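To start, the structure itself, in structure tokens.
The values are calculated or read from the model by the stated rules, or taken from the named source; none is laboratory data. Since we're looking at a predicted model, the values are computed, not measured. Neighbour counts run over all protein chains shown; Cβ positions are idealised from the backbone, glycine included.
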């Protein structure tokens, strides 16, 4: 079953560029993980203190494995250091999918 994660991360706008740099490193490391279909951090066009997150995983096991990676631990530590202030993320289990 495909698994999606979607939501937002509130960041310290003063550290926007440094957080985006760390996010790009996290995206590059995650994209090569088994089961990763999509993994994207997108800055909000109107709010410099907000990032949108979208992840798509082949299975829940792939997502669980991702959560234990070294680059995830590095991202969390770097986020604390740079001012990740809040996370509002949800996990969705997708029963079916079709083109729109």
Checking residue 60 against (1) more than 27 Å from residue 96 (Cβ to Cβ); (2) touching a residue at least 12 places away in the same chain (Cβ under 8 Å), the condition it does not meet: (1)
Return the residues of the stretch 75-97 that are touching a residue at least 40 places away in the same chain (Cβ under 8 Å) and either assigned to a helix (DSSP H, G or I) or touching a helix residue (DSSP H, G or I) at 6+ places or on another chain (Cβ under 6 Å) (or both); say none if nothing qualifies. 75, 78, 79, 82, 83
Residues satisfying the stated conditions in the stretch 54-84, i.e. surrounded by 12 or more Cβ atoms within 10 Å (Cβ to Cβ) and farther than 25 Å from residue 1 by Cα: 74, 75, 76, 78, 79, 81, 82, 83, 84
In the stretch 6-53, what residues are in a strand (DSSP E or B) and either surrounded by fewer than 14 Cβ atoms within 10 Å (Cβ to Cβ) or more than 11 Å from the chain's Cα centre (by Cα) (or both)? 10, 11, 36, 37, 38, 42, 43, 50
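What residue, of 45, 29, is in contact with a helix residue (DSSP H, G or I) (Cβ under 7 Å, 6 or more places away or on another chain), modelled with pLDDT of 95 or more and farther than 24 Å from residue 96 by Cα? Let's see the steps before the verdict.
Details: 45 fails: in contact with a helix residue (DSSP H, G or I) (Cβ under 7 Å, 6 or more places away or on another chain).
Going through 45, 29 in turn, just one is in contact with a helix residue (DSSP H, G or I) (Cβ under 7 Å, 6 or more places away or on another chain), modelled with pLDDT of 95 or more and farther than 24 Å from residue 96 by Cα: 29.
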